[in-house]
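Working notes for the structure below.
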Amino acid sequence: MTHQLVLAATEEPQNPLIPPGPELVIGLITFAIVFFFLGKKLLPNINKVLEERRAAIEGGIEEADAMKVEAQSVLDQYKAQLAEARHEAARLRQEAQEQGATLIAEMRAEGQRQREEIVAAGHTQIEADRKAAAQALRQDVGTLATELAGKLVGESLEDHARQSRVIDRFLDELEEKAEAAR
């Protein structure tokens, strides 16, 4: 061991940054082998993967743009359909209002017609009742007038033809007085 110490002491001190010659040659050969391996085998694979990623990203962006354009087109179609549906609903509402107004007018006209029919039927019934009452009253007044006249005159007016003539004459005179009073 002493011999090694003597040799180490006699040698010049070496720069630690510069490696010895044989190590430098071995390092350069090893670097060339690794560089060749990386350049021929690993670098093409890395480039291939990077190219695939780039293509996938660009394809994804193009696909996203196409989907965005398609989504915008679908949105525009839906907006157009919505506007059309709103327009159709407004048109249907307007038609319903017009039909309702027409129906109301028809129902009013029908009600007016029925009212007039009822009023006309009432007038007809009143006129018939008035005539029937006038006839009944004429008979009752005639009978009473005949009895009263018979009592006043003192003779019997039982003869029907005579009784009818007296009653008719009496009622005609009453009607003439009533018309003259108007």
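Here, each number is a calculation from the coordinates, and none is a lab measurement. Just so we're clear, the structure is a prediction, and the values are computed from it rather than from any experiment. Heads up, the Cβs are rebuilt from the backbone with ideal geometry, glycines too, and the neighbour counts pull from every protein chain shown.
So what's the back-of-envelope 222 nm ellipticity for the chain, counting only DSSP H runs of four-plus at -39500 (n - 2.57) apiece and dividing by all residues, rounded to 500? Mean residue ellipticity, 222 nm, calculated: -32500 deg cm²/dmol. Output the 0 to 90 degree angle, nearest 10, between the alpha-carbon long axis of helix 43-153 and the longest principal axis computed from the alpha carbons of the chain. Helix 43-153 sits at roughly 10 degrees to that axis. For ALA121, neighbours were defined as the other residues whose beta-carbon sits under 15 Å from its Cβ, and their charges (Lys and Arg +1, Asp and Glu -1) total -1. Cross-link partners of LYS48 among aspartates and glutamates, defined as those whose alpha carbon lies under 17 angstrom from its own and excluding same-chain residues fewer than eight positions apart: GLU58. As a size descriptor, the averaged projected area of the C-alpha convex hull of segment 22-181 was calculated at 25.5 nm².
Let me make sure I get this right: for segment 62-111, a, b and c are the square roots of the gyration tensor eigenvalues over alpha carbons, sorted descending. Under 1.5 in a/c it's rounded, otherwise prolate if a/b > b/c, else oblate. Which is it?
It is prolate, given that a/c is not under 1.5 and a/b is the larger ratio.
Loop-located GluC sites (Glu not before Pro) in segment 14-56 (DSSP state other than H, G, I, E, B) with a sparse environment of at most 14 neighbouring Cβ atoms within 10 Å are absent. The Cβ shell under 14 Å around ARG86 holds other residues with a net charge of +1, Lys and Arg each +1, Asp and Glu each -1.
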